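The values are calculated or read from the model by the stated rules, or taken from the named source; none is laboratory data. The structure presented is a predicted model; accordingly, all values stated were derived computationally and were not measured. Reconstructed Cβ throughout: ideal geometry from the backbone, glycine too, with neighbour counts over all protein chains shown. The accessibility values were calculated without ligands, DNA or RNA, using every heavy atom of the protein model including side chains. Shrake-Rupley method; radii C 1.70, N 1.55, O 1.52, S 1.80 Å.
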Amino acid sequence: MADPTTSTNTSPDLLPAGMDTARKLGLLAEEFDRIEQVLGRAPNFTELSIFSAMWSEHCSYKNSIRLLKTLPRSGPKLLAEAGQENAGLVDIGDGWACAFKIESHNHPSAIEPYQGAATGVGGINRDIFTMGARPIAQLNSLRFGDIRTDARARWHMRGVVKGIGDYGNAFGVPVLGGEVGFDPCYSTNPLVNAMSVGIVRTDRIISATAHGVGNPVFIVGSATGKDGIHGASFASKDITDTSLEDLPAVQVGDPFMEKLLLEASLELAATDALIGMQDMGAAGITCSTSEMSAKGGAGMDVHLDRVPTRQEGMRPWEILLSESQERMLVVVKKGREKEVTDIFAKWDLNCVHIGDVTDGGTLRFFMHGELVAQVPAESLVLGGGAPVYEREIREPTYIAENRKFDPASVPEPDDLKAIALGLLASPTIASKRWVFEQYDTMVRTNNMGTNDPSDAGSVWLREGDKALAVTVDCNSRYVHADPYVGTMIAVCEAARNIACAGGAPCGVTNCLNFGNPYDPEVYWQFSEAVRGMGDACRALDTPVTGGNVSFYNQTVGTNGTVPVFPTPTIGMVGVLKSAKEHMGLALKAKGDLLFLLGRSTDDLACSEYLVRHHGITRSPAPYFDLEEESRLHTMLLILIRKGVINAAHDVSDGGLWTTLVEMGLPNGLGFDIVTDSEVRPDAFLFGEGQGRAVVTVNEEMEDEFLDLMRASQVPCVLLGHATKGKMVVDDVHFGFIEDAKKIYEDVLPSAMAEP
C-alpha cells in the first residue's frame, strides 16, 4: 500500500510528524511510540491528528474502560451489547425496544453555555435515531455554582437552560424530567448531562456497522465546517484561564436541520437498503468511519474532497476532525444508491457518496485523488488498539474526617418551623419551575406527568397500553462524602423514583463526571463509584447498557486546582405494564392518610439541613441499606398494582419535610403529622436517610393497605392525614401550604433576576 508520508505534495500535513507535535496534540511519549509501531513508520500530521482525537480520553476511555468492564453488562432484556452501539437497547415487550443514553457536554457548556448545551441535546438525540428509534422523551441533569452569589453561575445557567429549551423545543421531543443542583465547586465547570429515550420495533433496529466490500458510504445531513475541530481533545483536558481560546472547539447546532435528518433517517430505516448508520459526534468523520469499520471487520476508502463543506480550502485534517452537527455516516447496499439519495433529497438534505467499504480493515483517506492518511481502523477504537491504563489510587484524607462525624454532637434546634421554611429556600431543594417552564413538556401529548406529576417522568406508548418511566439521579454531596455508598444511593434513588411512578426498572445508563484521572484521589473516587454502581445494579437487576465518562471536570487557575464533586449521574428506564398504573406524587383529598414506608433513624449525615443550618460539611453518606431499598421498591409496586394507594413520593433531598411539602403543592393541600418519639425531631423531619417513601391511602382502603404491609418486611408508620391547607407538625402550626409555595417557587426567579 502507498505511504502518504512519501507523497510528492509538499504540504506540511503530509510530512512525517515528531514527538513535539504529538505532545501539542495531547499525546504521551509512549503513545507516540505506539503509533509508530502500529503504522510501521512515522505518522504525518493528518494521521497524528486522527490518533490524538481517537486516543483522547473522550473517545478512547483509556483511563476508565478497565473499570467500566466490571459493571453488569448483560441481562435477558438487553438487545445490544453494552457500549457497542450508539445507545443502549432493552426489550420492553410486544415487539418493541427502548433505546436510551445519557452523555455530557460539560466543557463546551463551560465556555459557551448556549451552544454547548444545545449541541449536547442534538447529539444525544442523534444517538437514538441512528438506532432506528424515534425519540419520545428527553431529560437532563445540570450542575451550576451558587447562583445567589456568583454571576458566572447565573450566566452558565441562563445559557444552558435556553440552549436546551431552544434546541429541544424546535426538535419536537418533550422534556419529561431532570434535576438541577448547585454548589460552588461547579462555578467554572458546570455539568450538562443530556439523556434521550426512544422506541423502535425490534425488527427494525439499526447497527453502527460497515461491511460488504464495495458497499457505498454516504455522508448525510449538514455541511462540514470548522466548528468543533479537536472538540474531543478539548473535552479531555482541564478548564483553565485560557480555555476561551478553544471556542472554535464548540459546535454550533441547527435543530430544524436535525428534525429533517430524523425523519429522513427513519424513512431510510424502514427500507432494507441500509447496512449501518452512525452519528458523527466526537471526532466527526474520523470516529464514525473507524468505529463502523472496526465493528464490521472492514475498511473504507474515503474521498474527503467530496464532503460538502461550509468553507473553501478546508484541509484534510480539518474535514476529518470537524464536529459540525446534524451529520451522519450511512453505509448502504450497493445498487440501492438512488433509493437512498431520493429519500434525502425529499427532505432537502445533503446525501453524498464519499467512499466505499473495503476489505483488510484499513482506513484510507484521499484528497483530490491523493492518499493523505492510512490507518488500521482497529488501532483507533475502544477495545481495539487504543491504549488502556490503570491509574494510581489514593483515598483522600477528608474521607477519614467524614467517618468521625457524630450526630450526637449536633445540637437539637428549638425552632423547627423556621428551619423547615428556610430549607425550602435552598436552591437545590427549591422549585425548578424557572427551568422547566422554558422546556416544551407537552409536545406529542404523551407526557403522563403534565397534570399528574410523579417521581419519574412518565410517557405513554401510543403503540399499546404500556408506558415508560424515566429518571436521572445523583446527589453529588453523598458521592463526595463516600463514593461507593453515594453511587449506590444514586442507583437506588433512580429505581425508587421509577417504582414510585409505578414502573419496574429494566436498565441503566450513566454519565460519570469526575476530575483529572491522573490525580490519585480523583481516580480513587472514580474506582469506588464504579464499584458502588456495579453492586447496586446487580442487586436491583438493572444492567448497565452504556453511557459516558467525562474526566477533567476541574478548573486550574491562580488558586490551584478545584475539582467538581464526583457526580456519577444515573439515567434509568422502567416499564409500566399498563399506563393506568401510573402513580402521581400529589396529595389527592383532605383526610387521606399519610404513611411513611421505610426505616427512620437519627441520621443527619450529608443532609441539606446539616450543611445549611449547622454549617457542617464533613460527614459520611446518609443511612443506606441495599436490601431494605430493594424490598421497598417491590412493595411500592405491589401497593400500586393492587390499587390501595393514591400517591407515592420518595424521601430524598431535604428529608421528610420537603417530601410532604412537594406532595401538597400540586393541589394546594396541607398535612397534619406526628413525629416519631424514638427519633430526634430534626432527624425525623430533615434527615436524608435512604430507603423511604410516603404514600397516601383513603380511609376505605386502609385495612387492605395494612394487611399488605403486615405481610411485608418494610417498616410502616402512620404519620397523619392530609388537610385543607394547614401544615401542622406535632400540633405546631408551620403555616399554610401557600406560604411554603411562595418561598419554594421564588428562589430561582429571584436569583436569576440578578444581572
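At full extension, D348 and D272 could sit 25.2 nm farther apart than now, given 0.36 nm per residue minus the alpha carbon distance. Spin-label model, V213/T149: points 7 Å from Cα along the beta carbon direction are separated by 6.8 nm. Taking only Cα atoms, what is the 0 to 90° angle, nearest 10, from helix 520-540's long axis to the longest principal axis of the chain? On a 0 to 90 degree scale, this one is about 70. What part of the accessible area of the range 302-437, given as a whole %, is carbon or sulfur when the probe is 1.4 angstrom? Here it works out to 49 percent. Between F256 and D730, the simple label model (points 7 Å from Cα in the Cβ direction) yields a spacing of 6.1 nm. The C-alpha atoms of the chain occupy a region whose extents along the principal axes are 89, 56, 45 Å, arranged from largest to smallest. Give the relative contact order (percent, whole number) for the chain; include only Cα pairs under 8 Å separated by 6+ residues. Computed over the chain, the figure is 15 percent. Residues in the range 12-156 average 32 Å² of solvent-accessible surface per residue, probe 1.4 Å, ligands and nucleic acids excluded. For the range 281-382, the ratio of Cα radius of gyration to the globular rule of thumb 2.2 N^0.38 Å stands at 1.06.
The smallest convex shape that holds all Cα atoms of the range 559-607, its convex hull, gives 228 Å³ per residue. Taking Cα atoms only, the orientation of helix 337-346 departs from the longest principal axis of the chain by about 50 degrees. When a 1.4 Å probe is rolled over the protein heavy atoms, the share of accessible surface on the range 475-530 that falls to carbon and sulfur comes to 44 percent.
Projecting the alpha carbon convex hull of the range 445-495 along each direction and taking the average yields 4.3 nm².
The peptide list 181-193, 431-443, 599-611, put in order of mean Cβ contacts within 10 Å with the highest first, becomes 181-193, 599-611, 431-443.
Annotation: Cα Rg of the range 442-542 relative to the compact-globule expectation 2.2 N^0.38 Å equals 1.27. For the range 565-642, the carbon plus sulfur part of the accessible surface works out to 50%, probe radius 1.4 Å. The label point for D359 and the one for I638, both projected 7 Å from the Cα toward the Cβ, are 6.1 nm apart. Full extension of the segment from K741 to E30, taken as 0.36 nm per residue of separation minus the current Cα-Cα distance, would add 250.1 nm. Calculated accessible area for the range 443-514 comes out at 22 Å² per residue, all protein chains present (probe 1.4 Å; ligands, DNA, RNA ignored). Restricted to Cα atoms, the range 109-211 shows a radius of gyration and a Dmax of 15.6, 56 angstrom. Taking the helices alone, the chain has a mean residue ellipticity at 222 nm of -10000 deg cm²/dmol, built from -39,500 (n - 2.57) per DSSP H run of at least 4 residues and averaged over all its residues.
Per residue, the convex hull spanned by the Cα atoms of the range 610-697 measures out at 118 cubic angstrom.
Using only Cα atoms, tell me the angle between helix 737-752 and the longest principal axis of the chain; keep it within 0 to 90° and round to the nearest 10. Helix 737-752 sits at roughly 30 degrees to that axis.
Of all lysines in the structure, the ones whose alpha carbon falls short of 29 Å from that of K642, not counting any fewer than 8 places away in one chain, are K77, K466, K577, K580, K588, K590, K724. The order of the peptides 281-291, 690-700 by mean Cβ neighbours within 10 Å, most packed first, is 281-291, 690-700.
Here the range 451-470 is scanned for amide nitrogen atoms under 13 Å from the site 7 Å beyond the Cα of K580 along Cα-to-Cβ, giving 465-466. At a probe radius of 1.4 angstrom, the accessible area of the range 300-424 per residue rounds to 46 square angstrom.
As a calculated quantity, the FRET efficiency between A400 and T617 at R0 = 25 Å, using C-beta atoms, amounts to about 0.95. A straight Cα-to-Cα reach below 17 Å connects K346 with the lysines K259, K338, residues fewer than 8 places away in its own chain not being considered. For the chain, the Cβ-based charge dipole about the Cα centre amounts to some 1080 debye (Lys, Arg positive; Asp, Glu negative; other atoms uncharged).
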